[in-house]
Amino acid sequence: DIEFLQRAYKEINGKEARHFREDFCGTAILCATWVKSGEECTAEGYDLDPEPVEWGRKHNIEPLGGDADRVRLFLEDARSEGERAPDIRIAQNFSYWIFKERAELLDYFKKTHASLADDGIFAIDLWGGSETQEKMREKRKVDEGFTYIWDQGEYLPGSGDFTCKIHFKFKDGTKMKDAFVYDWRVWHLTGLRDMFIEAGVSQVDSYFEEDDDEDGNAEYLLDNQGEHAAAWIAYLVGQK
């Protein structure tokens, strides 16, 4: 993701991005990865939940050693003003889907646009396709010896409400149920694009993940139309 964001910024502006802001940062893994990418790179992370932020501070930021000074983490609302205008600001992992009212989400987009440096970009990832409206459970064995379970609840078309959960099952037979619970509204790409424009961005483009034998390969290409698929991942990138 960091490689994509750096590439997109450079293709748009012809120079390197330096300051990065991660909204809904959780464990701030992207802040840490950003700082490791260059000595002049600095980052800010914002999240309201102290538990993942402190875990990330210990496991992702402190191991940076002296470079940890170039990361600032804040236990604040993602709509808070930052310390410095970011070259790149992101809301990752569909986190902005917690804003269920259009006016609320548009207000967030307006605040992000106003916060950007003169050549800044704001990027969100999104997930779409018919699978986002299906009730399903998907299991995946992880090399570390446990099973990851993605649990999609019922999608309500009238409101867009959508609840998803993550559970874990371990070798000794124990389980961790509802380790993560997401209470979302599904937002669609075209509506999000319209809100970006309404928020004041000068240009907005979509970048779809390439399909690699029906699985994504984490490579994103500029494509403002996309192709139909049961499930797809894309980025929406707005320019200041």
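In sequence order, the stretch 120-132 has phi-based couplings of x, 10, 10, 10, 10, 9, 8, 10, x, x, 4, 5, 5 Hz under the Karplus curve 6.51 cos²θ - 1.76 cosθ + 1.60, θ = phi - 60°, and Gly or Pro positions carry x. For the stretch 94-108, 3J(HN,Hα) computed residue by residue from phi via the Karplus equation (6.51, -1.76, 1.60; θ = phi - 60°) reads 6, 4, 5, 5, 5, 7, 8, 9, 4, 4, 5, 5, 4, 4, 4 Hz, glycine and proline entered as x. Taken as Cα centroids, the stretch 39-111 and the stretch 151-215 sit 19 Å apart, rounded to the nearest whole angstrom.
Over the chain, accessible surface divided per residue gives 54 Å², non-protein components excluded, 1.4 Å probe.
What is the dipole size for the stretch 155-207, taken about its Cα centre, with +1 at each Lys and Arg Cβ and -1 at each Asp and Glu Cβ, in debye to the nearest 20?
Working: 7 positive and 7 negative charges, 92 e Å.
Value, rounded to 20: 440 debye.
Quick one: if the Förster radius is 22 Å, what FRET efficiency do Ala85 and Asp49 give, using the C-beta to C-beta distance and rounding to 0.05? Don't jump to the answer; show the numbers that get you there.
Details: r = 25 Å, r/R0 = 1.15.
For R0 = 22 Å, the calculated efficiency reads 0.30.
In terms of its C-alpha gyration tensor, the stretch 125-176 has a prolate overall shape, because the principal axis ratio a/c (a ≥ b ≥ c, square roots of the eigenvalues) is not below 1.5 and a/b outweighs b/c. Remark: spin-label model distance Lys110-Ser37 equals 3.0 nm, labels positioned 7 Å along the Cα→Cβ axis. Here's how it looks for Asp223: its modeled amide H is under 5 Å from those of Ser206, Tyr207, Phe208, which are all 5 or more places away or on a different chain.
When the chain is fully extended, how far beyond the present Cα-Cα distance does Lys169 get from His59, taking 0.36 nm per residue of separation?
Working: separation 110, 0.36 × 110 = 39.60 nm, distance 2.33 nm.
Here the segment from Lys169 to His59 would lengthen by 37.3 nm.
Of all DSSP beta bridges in the chain, what percent run antiparallel (nearest 5)? Bridges in the chain that DSSP calls antiparallel: roughly 70 percent.
Distances between placed amide hydrogens fall under 5 Å for Arg18 paired with Asp87, all partners being 5 or more residues away or on another chain.
The dipole here belongs to the chain: it is taken about the Cα centre, uses +1 on the Cβ of Lys and Arg and -1 on the Cβ of Asp and Glu, and is about 560 debye. The 3J(HN,Hα) values that the Karplus relation (6.51, -1.76, 1.60; θ = phi - 60°) gives for the stretch 188-205 are, in residue order, 9, 4, 5, x, 5, 4, 4, 5, 4, 5, 4, 6, x, 5, 7, 7, 9, 9 Hz. Gly and Pro appear as x.
What number, in percent, do you get for the relative contact order of the chain if the mean sequence gap of Cα pairs under 8 Å and at least 6 apart is divided by its residue count?
Over the chain, the number comes to 16 percent.
The modelled label-to-label distance for the pair Arg102/Glu134, using points 7 Å beyond Cα in the direction of Cβ, is 2.9 nm. By the rule of a C-alpha distance below 27 Å, with chain neighbours fewer than 8 residues away ignored, the lysines paired with Lys240 are Lys10, Lys15, Lys36, Lys100, Lys110, Lys111. Put a dot 7 Å past the Cα of Ala179, heading toward its Cβ, do the same for His228, and the two dots end up 3.6 nm apart. Close amide H pairs (under 5 Å, H built 1.01 Å from N) link Asn93 with Asp125, residues at least 5 positions away or on another chain.
Largest first and in whole Å, the equivalent-ellipsoid semi-axes of the chain read 27, 24, 18, each the square root of five times a Cα gyration tensor eigenvalue.
The values are calculated or read from the model by the stated rules, or taken from the named source; none is laboratory data. Since the structure is predicted, the reported quantities are computational estimates derived from the model, not experimental observations. Positions of Cβ are backbone-derived with ideal geometry, glycine not excepted, and every protein chain shown enters the neighbour counts. Each accessible area value is taken on the protein alone, full model and side chains, heavy atoms only, with ligands, DNA and RNA left out. Shrake-Rupley method; radii C 1.70, N 1.55, O 1.52, S 1.80 Å.
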